[in-house]
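K.L.:
The structure under discussion is supplied below as C-alpha cells; questions concerning it will follow.
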Amino acid sequence: MRDTIEALYGQESPVAGQNQRYNEALAAFQELYGPGPVSLFRAPGRVNLIGEHTDYNQGYVLPAAIDRDILMLARPRDDAEVRVANMEDEYPPREFSITPNIPPRPVGDWANYIQGPAELLARETQDSLRGMNALVCGRPPWGVPRGAGLASSSALTVAASLALMRLNSIPLSYGVSLAAFCSRAEWYVGTRGGIMDQFTAILSQRDHALFIDCRPRASGYRYSHAPLPEEHTLVLIDSGERHRNTGPLYNQRVVETRLGIHLLKSRYPWITHLRDLEDLPWDECRELLPEEMTADELYDRGISLQSLMEDGTLPQAETFVVQRRCRHVITENDRVLAVVEAMQKGDLERVGKLMVESHASARDDYEISTPLLDRIADAANEHPDVVGARLTGAGWGGCVVALARAGAVDDLFERVSSLRHETNGQAVQAFVTQPAPGAGHLATINM
Ligand code: GLA
C-alpha cells in the first residue's frame, strides 16, 4: 500500500498518516462484512482555477483534482442489493436494490450519490447487475471537505460508479466515457450540473490543471493538462460558510442562461448554448437580453420554464436575471482561454489579473459570492506574493482559491486567519493543496 500511497500523494505527503487511514478503512470493512476480497477505489475532489458556471453552457474550465479524496471499499454480492456504510457517524448506513427506477431519498441524503450511478447503470446495461457491500471513507483531514465547493459529492458519485462498474465487469470504467456517465448519474439528485467535477475527478494528472472544452463532439471532449507555474502552489481558503441546499439556486442560474439562449435565438436561430456567442458581437446580443424578467412576463411572452428546464428541478423564483448572467458566462469563457495562454507564456501577472476579474464577475454578474468570500479574496489578492485569488466552485459559500508563491504560504495563512464569519465568529481555515491524479481502482486485497 505504501508505494501506491506515495505514487498518489507524492513523497512529500505524510505517508504514515495516509497509511493509517487506509488501514483503518480496511479494518472497518472487515469488521462490518467479514473476511474475503475487498476492492479499493479512490476519487478526488477538485478546485477550479477559473471557468465558473461555464461548463453547462458548453464553455471552458480550468480545474485541478486536489489531494483530498474519498475512498470506497467494496465487495460484490450475489444479489442486486447495495449495502453501504460510512466511517462518519453523521452518514447512517443505507440499503437499496439496483433497478432502473430507484426512488430518490430526500434532498441531501448521502446515499443519493450512490443510487444515481446504480440506477443509470441499470438503465444503460441490459444485464441484471450485482450489488455490493461497501464502505465509504471521506473523513477529515484526508477527505474532501463537504459543502465547501470542492466537489465532494461528485467524488462520491465517481467512486461509486467505479466500484459498481468494476464489480460487474463493465468495461466503461475509465476516461471520458466514465466521466460523461458520472455527470449524467449525478443529475439523479435533481441539480442540473455540468461535466467539470466528474471529468476532473477522473482525468486529472498530478501537478497539472486540466483544461476542458465542455462542448461534446463526435470524438468526445477536448481536454489537455496544463502544468502549474513552478515554485507556486494552490492555497484553499475555506470560509466555513455552508449553504444548506444550493440546488435551487444553481438550477436558477441554469434556467437564466437557457432563457438567454431562448431570447437570442430570435436573431441567431442556430445557437444552442452560450458558448455559441463567442464570435458574436456582445453589443448586438445584449439588445435582446433584458436585465430581468418576471415569471409573469415569461408567461405573457409564451416562454415556458418547464420546457427550458425539463431535465432538472424547476426553481421556484419570481424574477430571472438574464443579461448579467449571460455576460458572466461569455466573459468567463474568454478569461479561461486567456489564462491558459498566459500560463503557457509564464505571464503570471496576467493570470492574476484575470482571476481577480473572474471573482468580480462571479460576484456582480452571476451573484454567487458572499461578503465573506469577497473579503477573503480581497485579502488574498492584496498579498504581494499571491498571483491571484477568486472564489471556486458553485458559490454561495465554500472556498477561495489562491495561486501563491510557495514561500508565501505561512504569511498568507496568518493574514487570512484573522478573517471571521460575521455571525458565528468562526475563523476561516486555509490549507495548501497539491494537484492530484484522477480516480481509479487502487487494489483488490484478500483479507
Ligand atoms: C458545481 C457543478 C459544476 C459547475 C460548478 C460551477 O460544482 O457541479 O458542474 O457548474 O458548480 O462552475
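K.L.:
Could you give me the percent of Cα pairs per 10 Å distance bin for segment 87-135, shortest bin first, beginning at zero and ending with the bin that holds the maximum distance?
P.N.:
25, 53, 20, 2
K.L.:
Which values of log₁₀ I(q)/I(0), to two decimal places, follow from the Debye formula for the chain at q = 0.06, 0.07, 0.11 Å⁻¹ with a uniform point scatterer at every Cα?
P.N.:
So the normalised log intensities work out to -0.25, -0.34, -0.86.
K.L.:
If a helix is a whole DSSP H run, which ones in the chain reach 20 Å or further along their own axis (Cα) and hold a mean Kyte-Doolittle hydropathy of at least 1.0?
P.N.:
Flagged H segments are 152-167.
K.L.:
Determine the sum of side-chain charges near residue 154: Lys and Arg each +1, Asp and Glu each -1, restricted to other residues whose C-beta is under 10 angstrom from that of residue 154.
P.N.:
Taking every Cβ under 10 Å from that of residue 154, the sum is -1.
K.L.:
Spelling out what I want: for every residue of segment 393-400, take phi, set θ = phi - 60°, compute 6.51 cos²θ - 1.76 cosθ + 1.60 (Karplus), and round to whole Hz; glycine and proline get x.
P.N.:
So the Karplus estimates, Gly and Pro as x, are x, 4, x, 6, x, x, 10, 9 Hz.
K.L.:
Still on this structure, please answer the following. For a quick check: with amide H placed at 1.01 Å from N, whose amide H comes under 5 Å from residue 232's, ignoring anything fewer than 5 positions away on the same chain?
P.N.:
406
K.L.:
Sticking with this structure for a sec: Would you pull out the residues with amide H under 5 Å of residue 50's amide H, same chain only if 5 or more places away, H placed 1.01 Å from N?
P.N.:
Amide H neighbours of residue 50, under 5 Å, 5+ apart: 62.
K.L.:
Given the C-alpha atoms of segment 248-326, compute the convex hull and give its volume per residue in Å³.
P.N.:
Normalising the Cα hull of segment 248-326 by residue number yields 90 Å³.
K.L.:
Continuing with the same structure: Rounded, prolate or oblate, given the Cα gyration tensor of segment 70-111, with a/c below 1.5 counting as rounded?
P.N.:
Oblate shape, in that a/c is at least 1.5 and b/c is the bigger or equal ratio.
K.L.:
Return the Rg/Rh ratio of segment 345-433 with Cα-based radii and a Kirkwood Rh.
P.N.:
Values: Rg = 12.7 Å, Rh = 13.2 Å.
Rg/Rh for segment 345-433 comes to 0.96.
K.L.:
Still on this model: Cα gyration tensor of segment 37-107, axes a ≥ b ≥ c as square roots of the eigenvalues: rounded (a/c below 1.5), prolate (a/b > b/c) or oblate?
P.N.:
prolate
K.L.:
Okay, next question. Treating only the Cβ of Lys, Arg, Asp and Glu as charged (+1, +1, -1, -1), what charge dipole size does the chain show about its Cα centre? Round to the nearest 20 debye. If you can, show how the numbers build up before the last one.
P.N.:
Values: 43 positive and 60 negative charges, 203 e Å.
With only Lys, Arg, Asp and Glu charged at Cβ, the dipole is about 980 debye.
K.L.:
Along segment 187-194, what does the Karplus equation 6.51 cos²θ - 1.76 cosθ + 1.60 (θ = phi - 60°) give for ³J(HN,Hα), rounded to whole Hz, x for Gly and Pro?
P.N.:
4, 3, 7, x, 9, 8, x, x
K.L.:
Further, regarding this structure: Ranking 383, 421 by Cβ neighbours within 10 Å, fewest first, what do you get?
P.N.:
Working: 383 18, 421 14.
So the ranking, lowest neighbour count to highest, is 421, 383.
Here, each number is a calculation from the coordinates, and none is a lab measurement. None of the values given here were measured: they were computed from a predicted structure. Every residue, glycine as well, gets a Cβ built from its backbone with ideal geometry; the counts of neighbours run over all protein chains shown.
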